[in-house]
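Everything on this sheet refers to the single structure shown next.
What follows is calculated from the coordinates using simple rules that are stated; it is not laboratory data. Here the structure is a predicted model, which is why all the values come from computation and not from measurement. Methodologically, a virtual Cβ is constructed for each residue, glycine included, from the backbone with ideal geometry; neighbour enumeration extends over all protein chains shown.
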Amino acid sequence: MSAKMHAAVVEEFGKPLVFREVDIPEPGRGQILIKTEACGVCHTDLHAAKGDWPVKPNPPFTPGHEGIGRVVAVGADVTIVRAGDRVGVPWLYSACGHCEYCLTAWETVCAEAEFGGYTKNGGFAEYILADPNYVAHIPSGLSAQEAAPLICAGITTYKGLKMTEARPGEWVVVSGAGGLGHLAIQYAKAMGLQVCAVDIDDGKLALARKLGADFSVNATREDAGEAVSKGTNGGAHGVLITAPSLGAFKQGVGMTRKRGTCVLVGLPPGDFPVPLFDVVANCITIRGSFVGNREDMAEALAFAADGKVKADIELQPLTAINDVFDRLEHGKVAARVVLDFTTG
C-alpha cells in the first residue's frame, strides 16, 4: 500500500478546495521529492482556484507556488540537489532550457514553461515533486516560513523594481502596499531608491512608512497622480503596480514621470485602460514583468539573508486555506499568509 499525504485540491473552479488523502508521489528520473515545511499563499493561487485567467489549469490540481521544504528523495540522474537540502518550489516550475528565451535568461516566458500550483501540483500538500534545475536554494539564515513569500512575492517585486530601471536616489512608486507591496518597499530602499507608497488602506500605508517609505498617498482621499507629482517634483521615475485592482492600473501612468517606466505585476481580471495621449506625449514606457529568473531569485533571497528584507507573515494550518482565500478575496489579509506544516 502506498504511503499517503494530505493535500488541498481544486476539484472545480470557484468552489472551496477539497481536502484529500492522496498517494505521496515518487520522484522519477530527473525529479526530487520535498517534504513541505511551509507554503505561502498568493493572490495567484486564488486566481488559479477560480479559473480567472485566459490560460487555465486543469482540475483536479493542487495550488501553491511558494512551497519550502527539505529534499527527502532524489530520482536518477539528479546531481545538483541532495537529500537534506532546503529548497523552494516557485512559480517557474521548469522550462525547456534551450529556446531563445531560456538562453537569454528569460525562461519565465518559455513556451514550454510549467508553473507550480498551476500546470504542476504545488505546495498545498505535505510533499511536492520538483525539477531540481529550477528550485530555489534557501540560504541557511532563513527559516522555511520566512522564505516562503520571497520565492514569489519577493522575486516578483524585486524583478519589477529592476525593470523600472530606476537608479539609486531616484523615485519609485509602489502602488499597493499589501502582500507584494510591503516587500517591494523594502527591496526599493535596499536598492537605494526613494519610495512613495500608494494604497487605499491607512493601516497598510502606516506599515509602508514604518518599512521605509518616504511618503505615502491614500488614493481615496487625494488624486494620486497630483500627489505623487508634487511629492517627487514631477512624477516617479518608476512605478510598480502590485495591486490586483484596475483602479490602481488606471492611476499608474498618471504617477509616472516623463520618460519614466510603469511596470505591471498585479493581475486583475480585465483589460488595462491606457491613456494613450499621455503615454505618447510623455514618452512613457509600460512594461509587464512576470516573476523573475533564477539569478533574480538568488539575489532576492540574498537581500533577505542579509536582513534587509523581511516578509510580514501570518501563520495558518493547511486546513484554514478556504478561510484564507475568502479573506484574501475581500482584502482582509494585511501582508502574506504562510501555511505552516511543521506544527499540528
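Nearest 0.05, what FRET efficiency do Lys308 and Trp106 give at R0 = 25 Å with Cβ-Cβ as r?
Details: r = 26 Å, r/R0 = 1.05.
Efficiency for this residue pair is about 0.45.
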Query - segment 154-288 - percent relative contact order, Cα under 8 Å, separation 6 or more - result: 24 percent
Requested in this report: Identify which of the listed values of P(r) over Cα pairs in 10 Å bins from 0, in percent was calculated from the structure shown: (i) 6, 25, 31, 24, 12, 2; (ii) 6, 26, 34, 23, 9, 2, 0; (iii) 5, 21, 29, 23, 15, 5, 1, 0.
Outcome: (ii)
Report task. Run the dipole for segment 47-181 about the Cα centre, Lys and Arg Cβ at +1, Asp and Glu Cβ at -1, nothing else charged, and hand back the magnitude in debye, nearest 20. Result -> 220 debye
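Determine the dipole magnitude for the chain: charges of +1 sit on the beta-carbon of Lys and Arg, -1 on that of Asp and Glu, nothing else is charged, the reference point is the Cα centre, and the result goes in debye to the nearest 20.
On the way: 31 positive and 39 negative charges, 136 e Å.
The calculation lands at about 660 debye.
222 nm [θ] for the chain, helices only, -39500 (n - 2.57) per DSSP H run of 4+, per residue, to 500?
Details: 11 runs with 90 residues, N = 344.
It comes out at -7000 deg cm²/dmol, rounded to the nearest 500.
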Requested in this report: Among Thr319, Val309, Thr108, pick out the residue whose Cα is farthest towards the positive end of the charge dipole of the chain, where Lys and Arg carry +1 and Asp and Glu carry -1 on C-beta, about the Cα centre.
Outcome: Val309
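Rounded to the nearest 0.05, what FRET efficiency do Lys230 and Ala83 give with R0 = 45 Å and r taken as the Cβ-Cβ distance? Could you check?
Values: r = 57 Å, r/R0 = 1.26.
Using R0 = 45 Å, I get an efficiency of 0.20.
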Report summary line: Across Gly331, Gly292, Gly235, the residue with the highest GNM fluctuation in the chain (Cα network, 10 Å cutoff) is Gly331
Query - Magnitude of the charge dipole, segment 154-288, Cβ model with Lys/Arg +1 and Asp/Glu -1, debye to 20 - result: 380 debye
Query raised in the report: From the Cα gyration tensor of segment 154-288, with a ≥ b ≥ c the square roots of its eigenvalues, which class applies: rounded if a/c is under 1.5, or else prolate if a/b is larger than b/c, or else oblate?
Result: rounded
Query raised in the report: Extension gain Lys56-Phe19, at 0.36 nm per residue separation less the Cα-Cα distance, in nm?
Result: 11.2 nm
Query raised in the report: Of Ser289, Ser140, Ser94, which is the most mobile in a GNM of the chain whose springs link Cα atoms less than 10 angstrom apart?
Result: Ser140
Report task. Compute the distance in nm between two label points, each set 7 Å from the Cα along the Cα-to-Cβ direction, one at Glu165 and one at Phe277. Result -> 2.7 nm
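Tally Lys and Arg at +1 and Asp and Glu at -1 over the other residues with C-beta under 11 Å from the C-beta of His137: what net charge comes out? Intermediate values should be presented prior to the final figure.
Numbers: positive: Arg86, Arg294; negative: Asp85.
Within the 11 Å Cβ shell, the charges total +1.
For every other residue with a beta carbon closer than 15 angstrom to the beta carbon of Gln186, add +1 if it is Lys or Arg and -1 if Asp or Glu, then tell me the sum.
Working: positive: Lys159, Lys162, Lys189, Lys204, Arg209, Lys210, Lys308, Lys310, Arg336; negative: Glu146, Asp214, Glu299, Asp306, Asp312.
Once all neighbours under 15 Å are counted, the net charge is +4.
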**Report entry** Contour minus Cα-Cα distance for Arg70 and Arg209 (0.36 nm per residue)
**Finding:** 46.5 nm
Query - Neighbour net charge for Glu126 - beta-carbon separation under 11 angstrom, K R +1, D E -1 - result: 0
Query raised in the report: What Kirkwood hydrodynamic radius do you get for segment 106-166 when you take the inverse of the mean 1/r over all pairs of distinct Cα atoms, in Å?
Result: 13.6 Å
Query raised in the report: Which FRET efficiency value, to the nearest 0.05, do you get for Lys4 and Ser140 by plugging their Cβ-Cβ distance into 1/(1 + (r/R0)^6) with R0 = 25 Å?
Result: 0.20
**Report entry** Unit charges at the beta carbon, dipole of the chain: most positive-side option, Gly225, Ala38, Ala153
**Finding:** Gly225
Query raised in the report: Ranked by Cβ crowding within 10 angstrom, fewest neighbours first, how are Phe115, Phe19 ordered?
Result: Phe19, Phe115
